[in-house]
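These notes concern the structure reproduced below.
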Amino acid sequence: MKALIAAGGRQPRLVAVLVGEDPASATYVASKTRACKEVGIDGVTLRLPPDIDLDTLMTHLRDLDEDPEVDGILVQLPLPAHLPERQILESIRPETDVDGFHPENVGRMWLDKPGGSPSVCTPATPTGIIELLHHNKIELSGRHAVIVGRSAIVGKPMAALLLRENCTVTVCHSRTRDLPAVCRLADILVAAIGRPAMIGPEHVADGAIVIDVGINRINDRAEVERLFPGNRKRLAGFDRRGYSVVGDVDYHRVAPKTSAITPVPRGVGPLTVAQLLVNTLKASRRQQGLKS
Ligand code: NDP
């Protein structure tokens, strides 16, 4: 990205819209703008008060969208409860929607042909996961991928992107019967649930590839000791911060069964940020009429 950006054209600009003071959201936005700086993207944060009304927020978004120097807009989720998330996401033009959440982009993603390359920006987390699998030369075609979670930001787009890679895809959710048995059918298991260490060895076939999307905080020291027995670094981190970040997979017990597994933290999280920058660069090059 650095080389492409330095090679010419206008500097890409990404505006992150942060409504309210949710500390986790502020941390995510800060890590996104920091990463922008690293590659030469102009990453700007527009901070808005938690009680902003819909009309004022929409006016801000319209102004950003009409600015020819803004290539990408992201609205950090979740929004305060009084703001209608879908209406807001739909108000951003598909061209500047670098999160890939606009219904037009979602529709195009599902309409893309298997084996083809994406015609629009697709959501950063699942797109980053596809990149990770490609980068590690993991064969996808014909393999069975099981996704646990059906959210619009992870589970569903993950299904669309794995289908495009010619995987056989199963999507599970809270009503799935006998989840461990369904998960054991997976060559590739993606956990995007939001429940700490829910996926245990009983969910995983020998030699499976496990991608852990979950980011969960646990505040109980005994639980950290149970999940990471003998891991002094984990406990030291917990003692410093008062919490530990864990995925949806019980890493310590599951990893020995797998042929590859992503850790939490420092697994899918940084990939998501990197993919957002790729999406911004693509949007910018498209906007400037440059080859992507
Ligand atoms: P959501 O809460 O939107 O979706 C969770 C999904 O998990 C739902 O589809 C839900 O089913 C399903 N689920 C919940 N409990 C169970 C259960 N007991 N058995 C089977 N399925 C279950 O979460 P997100 O998709 O937004 O996020 C998932 C996790 O990924 C979170 O920890 C989040 O923090 C993390 N995340 C990480 C990112 C990264 O960059 N690494 C980016 C985005 C998210 P149902 O639909 O039936 O309710």
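A few comments on the model shown:
- Just checking the listed ones, 118, 50, 12: in the Gaussian network model of the chain with Cα springs under 10 Å, the one fluctuating most is 50.
- Net charge of Cβ neighbours under 12 Å - reference residue 142; Lys, Arg +1; Asp, Glu -1: -2
- With the convex hull of the Cα atoms taken as the outline of the chain, the averaged projected area works out to 15.9 nm².
- With a threshold of 31 Å on the Cα-Cα distance, the over-threshold entries among 156/282; 257/282; 113/257; 37/137; 113/291; 2/233 are 257/282; 113/257; 2/233.
- All other residues whose Cβ lies under 13 angstrom from that of residue 288 are scored, Lys and Arg at +1 and Asp and Glu at -1, for a net of +3.
- Structural descriptor for the chain: relative contact order 17 percent, calculated from alpha carbon pairs under 8 angstrom and at least 6 residues apart.
- For the options 99, 178, 187, a Gaussian network treatment of the chain with springs between C-alpha atoms closer than 10 Å singles out 178 as fluctuating the most.
Where a number appears in this text, it was derived from the coordinates with a stated rule and is not lab data. Please read these numbers as outputs of a predicted model, since none were measured by experiment. Cβ sites come from the backbone with ideal geometry, for glycine too, and all protein chains shown count toward neighbours.
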